[in-house]
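Peer 1: This is the structure I want to talk about, given as C-alpha cells.
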Amino acid sequence: MLVEIQNLRIQFPTPTGLSDAVRNVSLTLQQEKLGIVGESGSGKSLTARSILRLLPSYAITTADTLTFDGIDVLRANEATLRSIRGTRAGLILQDPKYSLNPVMTAGAQIAEAWRVHRGGSRKVAEKAAIDLLAQVQIRDPARVAQAYPHELSGGMGQRVMIAMMLAPDPELLIADEPTSALDATVQAEILRLIEDLVSRRGMGLILISHDLPLVSHFCDRVAVMYAGRIVEELRASELTSARHPYTRGLLECLPTLSHKQTRLAVMQRDPSWLGE
Amino acid sequence: MIEVAALHVRFAEIEAVKDVSFEVARGESFGLVGESGSGKSTVLRALSGLNADWTGRVVIDGDIMAPRRGKDFHRRVQMVFQDPYGSLHPRQTVDRLLSEPLLVHRMDNIERRIMRALNEVALSPEVRFRYPHQLSGGQRQRVAIARALMAEPEVLLLDEPTSALDVSVQAEVLNLLSDLQQARGLTYILVSHNLAVVAHLCDRIGVMQGGELVELLSADDLRAGRTKHAHTAALRELSIELEEPEAETLSGFQRK
C-alpha cells in the first residue's frame, strides 16, 4: 500500500476553540489514480498535504494510521520526511507563476532538483533537464531550458513544474489543482500528460480539483469531500450513478453545451451532510 | 448598442487583435471565446477604455468612441473582472467600495442605493461593513457585480467572471447575471474560455484565435454543432468531451 490513511483529523485553533478542518477521513492508494473533489474549504488540499506533513505548524493532525509506503508520517523525524518529500512523492501546485523561481532559468531549476535528489555533475544534470523537458512534450527543450519563467506561457510553466517533479523519479505524484489557472485546451493537454507519465512510470496519483467531470476522465477512483469529510467514494465510471445529493449537485449545477437551460440548478445544502 | 469595426490592437511587433468586427444589440448578451492569448480580453480592454492604444471604429449607443473616454462613458459602461480579490480594495469595507462610484458620479441617495444593490445581488445587510478578506469568493464576486451596478450602467463587460469560483457558486453567479439583465435591461459582453458558460448566458458568440475573430455564430448553432470554422469545432468537441462524466480517457485531442 503506497498511502494508507485511517481516521484522519486536522484541527486548527480558533478564538472559540479547536475547529475541525478535516474529520474522519480514510483513504488508501496503490499504484492508481485517485481524484479528490470538493469546493474551496472542503479539506481536499489539507488531506493530500498531510501525507507529506506539509501543514502549518499550528495545525493539529491526528490519525489512527497515516503512512506512506509503510513509513508512519506522523511519527517520522525531519530527515525521514525529507527523504519522502520531493524524492519519493512530488507535489504540483496550481499556479506555476508562484512556484517557479523567477530569477532562474527553467533548465537551471530542473537541473537543481535533479542534483539535490540524485547528485551528479552539473553537466549531467543539465543534460537530464533537457531530457525531462522533452519528456513533458516540449517541442524545443534546449530553448525552453534557457528561458526564464516570465517568458513561458501558463501551460509551458506547468510542464516545467512537472518536469522538475519527475527528476527524482517519485512513486507518488500529488497534483493540487494543476490546471485551474489554464484554459480548457491546455488543461486537457496537461492532464493527459500527467496521466500518461503516471501510467508509464507506474506511479500513484492524487489529483485534487473542484471539477468533478474533468477529474473523472483522468482518475480510476474519485473521493468527494464536503466540509472536511469524504461524503462519497466511487469509481470514476460510476459517476452518473452517484448517490450523495452533494455529488449529484456538483454535476447538476454545471452549464452544458448539450442542451439549453434557462436557469442552472443551485445546490440546496442540507445540514445533515455535515454528519454527526 | 455596441458596434466594433476593424479593431486592431498592437503590442510592439505583436498584433494582438487583427481586424475584429461585431455588433451587439441593446439588451443582448454577446460572448467572446478563445484560448489564452487569442485576444479576447484585449478586445474587452480596448472597449472599456483601459487600453487607449488601438485603431478602428468603436460606436457605443450612437457615439463614436475616441481612445480616451469621458466621465459619462465610465458611468454607462462598467467592467467585472475574473478575480474579485484582486479587484476589490483590501482596506475598504463593502460600504466604502459601493459608495465610491456614487461619490465619483455625484449621485444622491447613497444609503438607499447601497441597500438596494446588496439586496439585488442577494447579499445580506450584515456584509455591508465587512472587508473583502472576510467574505467568501462568491460573496466577493457579488460585491464586484454590485459595485459595477452602482452607477446604473447600461453595458457590463464581464471578463471571466466565474472562472475563479467553485462550480456551485458559478451556477449562483450565472443565475444572478441573467436575473439582473432581465430586471435592468443590461447589455453584456462576456469573455470566457469556457464554452458552456458562454453558451449558457449569451445568444450570440464570437470565436477568437490568434487575434482574429474566426467565427460568429448563435448559441443554438454552437450547441447543435453547426460550426463553420475548424477551431470552433475543436473547442466544442473538447468541451463536450470534458463535461460528460465518463471514465473513458480523452480520445486524442490534437491542437490545431
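Peer 1: Return the total of residues in the stretch A:2-55 being more than 22 Å from residue A:70 (Cβ to Cβ), not assigned by TED's automatic domain parsing to the domain that holds residue A:84 and not hydrophobic (A, V, I, L, M, F, W, C).
Peer 2: 10
Peer 1: Additional query: All but one of (1) assigned by TED's automatic domain parsing to the domain that holds residue A:222; (2) modelled with pLDDT of 95 or more; (3) of a type in the set (A, V, I, L, M) hold for residue A:84; which doesn't?
Peer 2: For residue A:84, the exception is condition (2).
Peer 1: In the stretch A:1-29, how many residues are acidic (Asp, Glu) and within 17 Å of residue A:58 (Cα to Cα)? Let's see the steps before the verdict.
Peer 2: Taking the stretch A:1-29 as the starting set, the residues that turn out to be acidic (Asp, Glu) are A:4, A:20.
Those left that are additionally within 17 Å of residue A:58 (Cα to Cα): A:20.
So the answer is 1.
Peer 1: Would you check which residues across the stretch A:79-96 are over 17 Å from the mean Cα position of the chain (by Cα) and over 22 Å from residue A:44 (Cβ atoms) and list them? Let's see the steps before the verdict.
Peer 2: First, the residues of the stretch A:79-96 that are over 17 Å from the mean Cα position of the chain (by Cα): A:79-83.
Matches in the stretch A:79-96: A:79, A:80, A:82, A:83.
Peer 1: Restricting the search to the stretch A:255-276, which residues are touching a Leu at 6+ places or on another chain (Cβ under 8 Å) and touching a residue at least 12 places away in the same chain (Cβ under 8 Å)? Walk me through it before giving the result.
Peer 2: Our first condition is that a residue be touching a Leu at 6+ places or on another chain (Cβ under 8 Å); within the stretch A:255-276, this holds for A:255, A:257, A:264, A:267.
A:267, the sole residue that qualifies.
Peer 1: Oh, and also: Conditions: (1) in a helix (DSSP H, G or I); (2) within 30 Å of residue A:211 (Cβ to Cβ). Residue A:53 meets all but one. Number of the miss?
Peer 2: For residue A:53, the failing item is (1).
Peer 1: Within the stretch B:175-234, how many residues turn out to be assigned to a helix (DSSP H, G or I) and either within 13 Å of another protein chain (Cβ to nearest Cβ) or of a type in the set (Lys, Arg) (or both)?
Peer 2: Residues that pass the stated criteria total 25.
Peer 1: Sticking with this one: Out of (1) more than 10 Å from chain A (Cβ to nearest Cβ); (2) without any contact (Cβ under 8 Å) to a residue 60 or more places away in the chain; (3) within 13 Å of the chain's Cα centre (by Cα), the odd one out for residue B:145 is which?
Peer 2: (2)
Peer 1: Considering only the stretch A:240-275, state which residues are at pLDDT 85 or above, part of a helix (DSSP H, G or I) and facing chain B (nearest Cβ under 7 Å).
Peer 2: If the condition is that a residue be at pLDDT 85 or above, part of a helix (DSSP H, G or I) and facing chain B (nearest Cβ under 7 Å), then A:249, A:250, A:251 are the ones that fit.
Peer 1: I'm checking my understanding of the structure. Among residues of the stretch A:194-228 that are over 21 Å from residue B:244 (Cβ atoms) and either assigned to a helix (DSSP H, G or I) or in contact with a Phe, Trp or Tyr (Cβ under 6 Å, 6 or more places away or on another chain) (or both), which one is farthest from the other protein chains (Cβ to nearest Cβ)?
Peer 2: A:201
Peer 1: Against the conditions (1) of a type outside the set (A, V, I, L, M); (2) in a strand (DSSP E or B); (3) over 14 Å from the mean Cα position of the chain (by Cα), where does residue A:35 fall short? Just the number, please.
Peer 2: For residue A:35, the exception is condition (3).
The values are calculated or read from the model by the stated rules, or taken from the named source; none is laboratory data. Predicted, not measured: the structure shown is a model, and the values here were computed from it. Ideal geometry is used to build each Cβ from the backbone, glycine not excepted, and the neighbour counts take in all protein chains shown.
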